[in-house]
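The values are calculated or read from the model by the stated rules, or taken from the named source; none is laboratory data. Worth saying up front: this structure is predicted, and the values here are computed from it rather than measured. We place every Cβ from the backbone using ideal geometry, glycine too, and count neighbours over all the protein chains shown. Surface accessibility is based on the protein's heavy atoms, side chains included, excluding ligands, DNA and RNA. Shrake-Rupley method; radii C 1.70, N 1.55, O 1.52, S 1.80 Å.
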Amino acid sequence: MKLAPIFSISVLAAISLLGCSNQSSNGTTSSEEPTVLRFSHFYPATSDINEEIFEPWAKKIEADSGGRLKVEVYPSATISKADTAYESAVKGTIDIGSQVQGYTSGRFPLSQIAELPGLSNSSTQTGCMLQTLYDNGTIADEYEDSHLLFMFATGPGTLHSTDKLIRTPEDMRGMRIRRPSAVAGDIIESMGASPVGLPANDIYTSLQRGVVDGLSFPWEAMETFKLNELTKYHTNMPFYSSALMVTMNSDKYKGLPEDLKQVIDDNSGMALSKKVGAMWDKAYSTQLQAAIDQGDEVVDILDPLNDPDWKGPLEKGTKKYLDDVESLGLDAYGVYDKAKEASVVCKV
């Protein structure tokens, strides 16, 4: 009987199969195909957040899962629009999406309370506030149709314009200012300017064509979207902050084995929020100095709520936003109080 050759072939086949399998972080092996997660966001591929946060995060998910999860990152809103990434993740058109809450007006009214002036002076602080308010349940209901991964925020949004320096609210009267959210829009309107809603990707051409005269935007994003090429006047003031999130399709998350859910959980939450904050707070200083170095005009109004010119309009815009949210039957002022508490805890 010729059993030896058959036995040898069987052994070689088994070894070959083992060699082709994925090896997990704990040394075990699996021959299953990786679960692919498509992650859409609107930032350019060359942006700091894509290169320093999103791409390394995707690689860590893959490494921690032993290759059983693979995150494909799609920047520049290539597979979902900037203002529909959340809903696309909810519906399963994409698996993971990142979006500015303010891009869908009225969808996250309580979350956007953290954007109001006077609550934060850094990206790290605002992101921590948002994650805290989510973790303690204050704003969690706004995300119940998805599996939230982490919150983060821009640095303070300041005012930038093409033709004149804005020193007081009066200087804004009659101007068309790009607004990122309803919160900033209410404040811009309270100063006599016309707020114009535009996704970040559309601002450059709108400035070029004169559709808007200026914008409210954080310093760290000015270089990312090349807006420093068009704006030469800057009012360095914590005018507002922008809330952002990364979220995942609930069914996709629930369908994962428990150990892969744990991989996702271990790479979610406050640690990611603070990592983004540290990156953008560093960029804030860098881009401000770059504007000064290229000869732009910059005026500092670092404490506008105690500035006689700016205090009234900012408080008026804040009250209008909170009253509008209250009219929806939501406890806006209660959430505002909790946001102020989180602001103290999260202060850098």
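The aspartates and glutamates whose alpha-carbon is closer than 17 Å to the alpha-carbon of residue 311, local same-chain residues fewer than 8 away aside, are 115, 170, 171, 186, 189, 300, 303. Taken per residue, the accessible surface of the chain reaches 44 Å², heavy atoms only and a 1.4 Å probe. Per residue, the convex hull spanned by the Cα atoms of the chain measures out at 149 cubic angstrom.
Helix content alone sets the calculated 222 nm mean residue ellipticity of the chain: runs of n ≥ 4 DSSP H residues at -39500 (n - 2.57) each, divided across all residues, give -12500 deg cm²/dmol.
For residue 176, the residues whose amide H sits under 5 Å from its own are 194, 213, 214, ignoring neighbours fewer than 5 places away on the same chain, with H placed 1.01 Å from N. Rounded to the nearest 20 debye, the dipole magnitude of region 286-348 is 280 debye, with +1 charges on Lys and Arg beta carbons, -1 on Asp and Glu beta carbons, and the Cα centre as origin.
Remark: for residue pairs 59/319; 81/261; 164/320, the C-alpha separation exceeds 32 Å in 59/319.
Backbone geometry of region 265-275 corresponds, through the Karplus equation with coefficients 6.51, -1.76 and 1.60 at θ = phi - 60°, to 3J(HN,Hα) couplings of 4, 5, 10, 10, x, 4, 4, 5, 4, 6, 5 Hz, x marking Gly and Pro.
Compared with the dominant principal axis of the Cα atoms in the chain, helix 3-20 is inclined by about 10°.
Per residue, the Cα convex hull of region 50-120 amounts to 128 Å³. For the pair region 251-270 and region 320-337, the centres of their Cα atoms are 33 angstrom apart.
Farthest toward the positive end of the dipole of the chain, out of 216, 34, 191, is the Cα of 34, where the dipole comes from beta carbon charges about the Cα centre.
Per-residue Karplus couplings for region 72-82, computed as 6.51 cos²θ - 1.76 cosθ + 1.60 with θ equal to phi - 60°, are listed in order as 9, 9, 10, x, 6, 6, 7, 10, 7, 5, 4 Hz, Gly and Pro entered as x. Dipole magnitude for the chain: computed about the Cα centre from +1 point charges on Lys and Arg Cβ and -1 point charges on Asp and Glu Cβ, it is near 620 debye. Using only the alpha-carbon atoms, how far is helix 123-135 inclined from the longest principal axis of the chain? Give it as 0 to 90 degrees, nearest 10. Between helix and principal axis, roughly 60 degrees.
Taking the DSSP beta bridges with both ends in the chain, the antiparallel portion is around 55 percent. Under 14 Å of direct C-alpha separation, and excluding same-chain neighbours fewer than eight residues apart, residue 282 reaches these aspartates and glutamates: 48, 52, 220, 223.
The base-10 log of I(q)/I(0) for region 183-249, evaluated at q = 0.12, 0.14, 0.17, 0.22 Å⁻¹, reads -0.34, -0.47, -0.68, -1.10 [Debye formula, identical scatterers on Cα atoms, solvent excluded].
How large is the Kirkwood hydrodynamic radius of region 242-348, counting all unique pairs of alpha carbons, in Å? Result for region 242-348 stands at 18.4 Å. Rolling a 1.4 angstrom probe over the chain with all protein chains present gives an accessible area of which 51% lies on carbon and sulfur atoms. Just want the answer: with Cβ charges of +1 for Lys and Arg and -1 for Asp and Glu, which residue in 110, 174, 245 is farthest toward the dipole's positive end in the chain? Value computed over the given set: 245.
The alpha carbon convex hull volume per residue for region 188-296 rounds to 143 Å³. Considering the chain as a Gaussian network with a 10 Å cut-off on Cα pairs, which listed residue, 214, 312, 255, attains the greatest mean-square fluctuation? Ranking 214, 312, 255 by mean-square fluctuation puts 255 first.
Ordering 67, 231, 312 by Cα displacement along the dipole of the chain toward the positive end leaves 67 in first place; charges were set at the Cβ atoms of Lys, Arg (+1) and Asp, Glu (-1).
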